[in-house]
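One structure is given below, encoded as structure tokens.
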Amino acid sequence: MKISTTEYTANKAYDELISKNLLPRDIAKPLLDYFASMDEDELAARMQAVDSAILAMGITFTIYSDAGNIDRAWPFDIVPRIISSKEWDSVQEGLKQRLTAMNMFINDLYNDQNIVKDGVFPIEVLSGSKNFLKQCIGITPPFGAWAHICGTDLVRDDSGTMYVLEDNLRIPSGVSYMLENRQIMKRVFPELFKITNIKPIDNYSAMLYNTLAALSPRKNKSPVIVVLTPGIYNSAYFEHSYLAEQMSANLAEGSDLVVDDKDIVYIKTITGLVRVDVIYRRVDDEFIDPEVFNPESVLGVKGLMRAWRKGNVAIANAPGAGVADDKVVYTYVPQIIKYYLDEEPILQNVPSYLCMYEDQREYVLNNLDKLVVKPANESGGYGMMIGPRATKKEREEFAELIRNNPRNYMAQPTLNISTSPTLINGELVPRHLDLRPFVLQSKELQVTMGGLTRVAMRKGSLVVNSSQGGGSKDTWIVEGDH
Amino acid sequence: MMMLARDAENFYWVARYLERAENTARLIIKITDTLLDMPTDASVGWTTLLEIIGVGHLYNKYYETATENDIMHFLIADDRNPSSIFACIKYARENSRTLRELLPEELWERVNGLYLYIAKNIEDTSNKRRKKYIFLQEVIYQRQAIIGLIFGAMERNLPYHFMKMGRNLERADMTTRIMDVNYAISLPEDHPLYEVAKEMLWASILKSLSGYQTYRRLKHFHVNMPDVVDFLFNEEHFPRSILHCIGELENCLIDMPNNKNVLKTVRLAQKTLAKKDEQRMSEEKLHEHIDLSQQFIGDINNAITEQYFKIK
């Protein structure tokens, strides 16, 4: 397969594997040489093998639409994205620093609120937060950790600098695709693992298990851990099932659990009720306990919050952790790091404008054609507007939305995020991508080796979300400098 | 790891649905053969198939005519019919999806593969006989591969037992239903072809249960109602006989926790059904005995459900 010179000459973004003079970067040379040596028939056979592996493994992603839910095979690109171990070391340090501070921040908000009293974090941001749950006030979960599993999205701009785009602290998904992508590559391109020294990622399930087990309230017993899923119609069900299997945990739905009048959580087994210690929940806060939150919810467990508040069960991520998963709070992370750790942030935020402040709002409203506008609380790429790509009518609609609810919006300059060679119609073409590493925190603090690389398969598109037609790649951390 | 009540129920039903899909496929193939050979004045019809499977009432709700094509569509492809091959495989796949983390990896891939095959090839299976035949054979082969995998790769643990119980109960259920086809096809006793037609019919009942060869080996070459009935109820060496299936289920139960109530129901069924006197039974009495068997099968299903699936 060949590099498309037309598309690469026209590419203005930083490319992860190919330099400006259209040569492979050092770190990508063995990979690209290998692909270059492969003839069309061989490549076609491998592509076929990839497709059948994905279909057979049943790696799917559910898309919600008016026409009913469609179970789609996971779109996968065979060309891996490569990051040097030297660069990754520093990204890892940055993520650890960031998540340490954010967990301290969440714990502070639900307890003394020193950061507010000291004037570093404005009370008006807190009071406007939909995700601040008063039911969590006064609680300090084990190790002070609230966001036990975090997926932080990173992007690189045209200068080559890595930025944090957002932190997903509620129920981030994607890690199973990271693991399965590596499985596919190993099945279909085993030779590659000889010619390059790729760092392994398959200890994730053990990391996750240890993170969860450390939270168990019953210390002298092997903990009963369950993964709580909304069920098979959830878009990430595949992942819930996958992780439960990898950890040998039970995969439960809300109706499988019950809380008794002593506030103990039990799971219904064929021999009766068994006490549960740790719940890795993949159900949103709003639905986890109909007694406290949405009374209509059938996904949750009645009385779960009582049990959690008493410390009889651990919930990961803790209810209320989403208070820090808010695009307005995001803009304060550099100050948060400084406040709690007295350190300079290692990873940079994308410069942002908060519509709740009049001067910044005016700037946003006057520059809608240059900015990306995001609602504070949505995820999955829903409800955002990419100014330069939007029509005049869409921009006017967004101006109206911002004026009506300024706390709910923030804006960032449209970053020309980096590309990486992606195989489309037999040619390597530049496609934009991001990276979601996962950070685990309870007794220990750990970061995955790389993460999930998501790629916008359409030419020029900047939207990588799988719900919006994005795909993914295997992500390699290899020895060397970038 | 402990076994969730919901998972146990899903294992049980995955096995039942897969078994039902294969049984329906076999039934359609064999009964089609037989019906085509029946004397033209015998009051037979494709609706017989609906009665055997027990979906006649449901069929009448959705269809105004009862042509071969309509009925085939209803039994193969219509997902408003929860016993259609398509619906069974769809449910089996959905239930296996909720069990993925508990199944041998390859098993889910196979069940998913069978579903994908059906979804892709189901068109025209109800109106083109040749396509239908190839399709039904493929469903049978693929389901057999799944059985092989379960037998060869699954740990002999609770999931295995729940699947085995579901499979055997469904199998016993189908055996009783197929025997009743005799009752659904009526031919005047003084008809010149009466004996021939009846023999053909009982042979096809044996064939649709893959039991023709075993019957000939263990009984004799001649096919007659009392011997076939005895064979299908009591022959412990034939894997689709009612007592064999219930015996398999009993063996699973013996290894399971809290089995007292269910075992009691199973043993009562064994005792009542094993009476040898159906050899001299009239057709009318056989029909009643079959009804009784169906009741016991229902009771066993309820006992399992109450004991293991409905935890409060």
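Readers should treat all values here as calculations from the given coordinates under stated rules, not as data from a laboratory. None of the values given here were measured: they were computed from a predicted structure. No Cβ is skipped: glycine too gets one built from the backbone with ideal geometry, and neighbour counts run over all protein chains shown.
Please check which bits of the stretch B:61-87 a label hung off B:E138 would reach, taking the label as a point 7 Å along Cα-to-C-beta and the cut-off as backbone N under 20 Å.
Answer for this model: B:72-79, B:84-87.
I want to check the label-to-label distance for A:Q335 and A:S19. Put each point 7 Å from Cα in the C-beta direction and report it in nm to one decimal.
4.2
Net charge within 12 Å of B:F221 by Cβ-Cβ distance, Lys/Arg positive one each and Asp/Glu negative one each, not counting B:F221 itself? Could the numbers behind the result be given before it?
Working: positive: B:R216, B:R217, B:K219; negative: B:E199, B:D227.
Overall, the nearby charge balance is +1.
Within the stretch A:167-210, what residues put their amide N at less than 18 Å from the label point 7 Å along the Cα-to-Cβ vector of A:Y34?
In the stretch A:167-210, the label zone of A:Y34 (backbone N under 18 Å from the point 7 Å along Cα→Cβ) covers A:179-202.
Would you tell me the mean number of C-beta atoms belonging to other protein chains that fall within 10 Å of each C-beta in A:269-277, as a whole number? Can you show the working numbers first?
Working: counts 12, 17, 10, 6, 3, 3, 0, 0, 0.
Average per residue, whole number: 6.
Chain B: Rg/Rh from Cα coordinates, Kirkwood Rh?
Working: Rg = 19.4 Å, Rh = 20.2 Å.
My calculation puts Rg/Rh at 0.96.
Once a ≥ b ≥ c are taken as the square roots of the eigenvalues of the Cα gyration tensor of the stretch A:137-207, is the result rounded (a/c under 1.5), prolate (a/b larger than b/c) or oblate (a/b not larger than b/c)?
On the way: a/c = 2.90, a/b = 1.58, b/c = 1.84.
Oblate is the answer for the stretch A:137-207, as a/c is 1.5 or above yet b/c matches or exceeds a/b.
Once a ≥ b ≥ c are taken as the square roots of the eigenvalues of the Cα gyration tensor of the stretch A:351-413, is the result rounded (a/c under 1.5), prolate (a/b larger than b/c) or oblate (a/b not larger than b/c)? Write down the numbers at each step before the final one.
Working: a/c = 1.33, a/b = 1.08, b/c = 1.23.
Here the stretch A:351-413 falls in the rounded category.
Based on Cβ point charges of +1 for Lys and Arg and -1 for Asp and Glu, what charge dipole magnitude is obtained for the protein assembly as shown about its Cα centre, in debye rounded to the nearest 20?
Values: 91 positive and 106 negative charges, 187 e Å.
That gives the protein assembly as shown a dipole magnitude of about 900 debye.
Send over the Kirkwood Rh of chain A, from the inverse of the averaged 1/r over different Cα pairs, rounded to one decimal Å. Could the numbers behind the result be given before it?
On the way: mean 1/r = 0.0425 Å⁻¹.
Evaluated over chain A, this radius sits at 23.6 Å.
Would you grab the residues whose amide H sits under 5 Å from the one on A:N168? Only those 5+ places off in sequence or on another chain, please, with H modelled 1.01 Å from N.
Hits under the 5 Å cutoff: A:G151, A:T152, A:D153.
Could you list B:E170, A:E397, B:E51, B:E155 in order of exposure, starting from the residue whose Cβ has the fewest other Cβ atoms within 10 Å? Walk me through the intermediate numbers first.
Numbers: B:E170 24, A:E397 13, B:E51 18, B:E155 8.
By the 10 Å Cβ count, ascending: B:E155, A:E397, B:E51, B:E170.
Under a point spin-label approximation (7 Å from Cα along Cα-to-Cβ), what is the A:K86-B:N302 distance to one decimal in nm?
In this crude label model, A:K86 to B:N302 measures out at 7.6 nm.
Counting each pair of different Cα atoms once, what's the Kirkwood radius of the stretch A:74-171 in Å, rounded to one decimal? Before the final figure, lay out each step's value.
Numbers: mean 1/r = 0.0621 Å⁻¹.
Here the Kirkwood hydrodynamic radius works out to 16.1 Å.
At 7 Å along the Cα-to-beta-carbon direction for both A:N366 and B:R130, put a label point, then send me their distance in nm to one decimal.
7.7
For A:I386 and A:Y357, what is the calculated FRET efficiency with R₀ set at 22 Å and r taken between the beta-carbons, to the nearest 0.05? Don't skip to the answer; put the middle values down first.
On the way: r = 22 Å, r/R0 = 1.02.
With R0 = 22 Å, the Cβ-Cβ based efficiency is 0.45.
Could you please rank A:E42, B:E199, B:E9, placing first whichever residue has the fewest other Cβ atoms within 10 Å of its Cβ? Walk me through the numbers on the way to the answer.
Working: A:E42 10, B:E199 15, B:E9 19.
Exposure proxy ranking, most exposed first: A:E42, B:E199, B:E9.
Could you compute the FRET efficiency for A:D261 and B:Q294, with r as their C-beta to C-beta distance and R0 at 60 Å, rounded to 0.05? List each step's numbers first, then the result.
Values: r = 43 Å, r/R0 = 0.71.
It comes to 0.90.
Can you flag which of A:K338/A:K370; A:K186/A:K443; A:K199/A:K443; A:K221/A:K302; A:K29/A:K194 are past 21 Å Cα-Cα? Intermediate results must be reported in sequence, preceding the final value.
Values: A:K338/A:K370 30 Å; A:K186/A:K443 32 Å; A:K199/A:K443 24 Å; A:K221/A:K302 25 Å; A:K29/A:K194 14 Å.
Checking Cα-Cα distances, A:K338/A:K370; A:K186/A:K443; A:K199/A:K443; A:K221/A:K302 exceed 21 Å.
Let's test the formula: R0 of 35 Å, r as the Cβ-Cβ distance of A:V274 and B:N261. What FRET efficiency results, to the nearest 0.05?
Numbers: r = 21 Å, r/R0 = 0.59.
Given R0 = 35 Å and the Cβ-Cβ separation, E is 0.95.
Based only on Cα atoms, what Rg/Rh ratio does the stretch A:256-329 have, Rh being taken as Kirkwood's radius? Intermediate values should be presented prior to the final figure.
Numbers: Rg = 12.9 Å, Rh = 12.8 Å.
Result: Rg/Rh = 1.00.
Can you give the helix-only mean residue ellipticity at 222 nm for the protein assembly as shown, where every DSSP H stretch with n ≥ 4 adds -39500 (n - 2.57) and the sum goes over all residues, rounded to the nearest 500 deg cm²/dmol?
Details: 31 runs with 368 residues, N = 794.
After summing the helix terms and dividing by residue count, I get -14500 deg cm²/dmol.
Under the 0.36 nm per residue contour assumption, what length would be gained going from the current alpha-carbon distance of A:S52 and A:N220 to full extension?
Length difference between fully extended and current span is 55.9 nm.
Give the separation of the Cα centroids, the stretch A:103-175 to the stretch B:165-195, in Å.
Their Cα centres are 68 Å away from one another.
Would you mind calculating the gained length between A:N294 and A:E343 on full extension (0.36 nm times residue separation, minus the Cα-Cα distance), in nm to one decimal?
Numbers: separation 49, 0.36 × 49 = 17.64 nm, distance 3.99 nm.
Separation in residues times 0.36 nm, less the Cα-Cα distance, equals 13.7 nm.
Compute the Rg/Rh shape ratio of the stretch A:224-379: radius of gyration over Kirkwood radius, all on alpha-carbon atoms. Write down the numbers at each step before the final one.
On the way: Rg = 20.1 Å, Rh = 18.3 Å.
Value, to two decimals: 1.10.
Taking 0.36 nm per intervening residue step and subtracting the Cα-Cα distance, what contour gain separates A:N405 from A:E444 on full extension? Numbers along the way, then the final one.
On the way: separation 39, 0.36 × 39 = 14.04 nm, distance 3.95 nm.
Net length gain for the segment: 10.1 nm.
Where does each of A:E124, A:E291 land when they are ranked from fewest to most other beta-carbon atoms within 10 angstrom?
Details: A:E124 12, A:E291 15.
By the 10 Å Cβ count, ascending: A:E124, A:E291.
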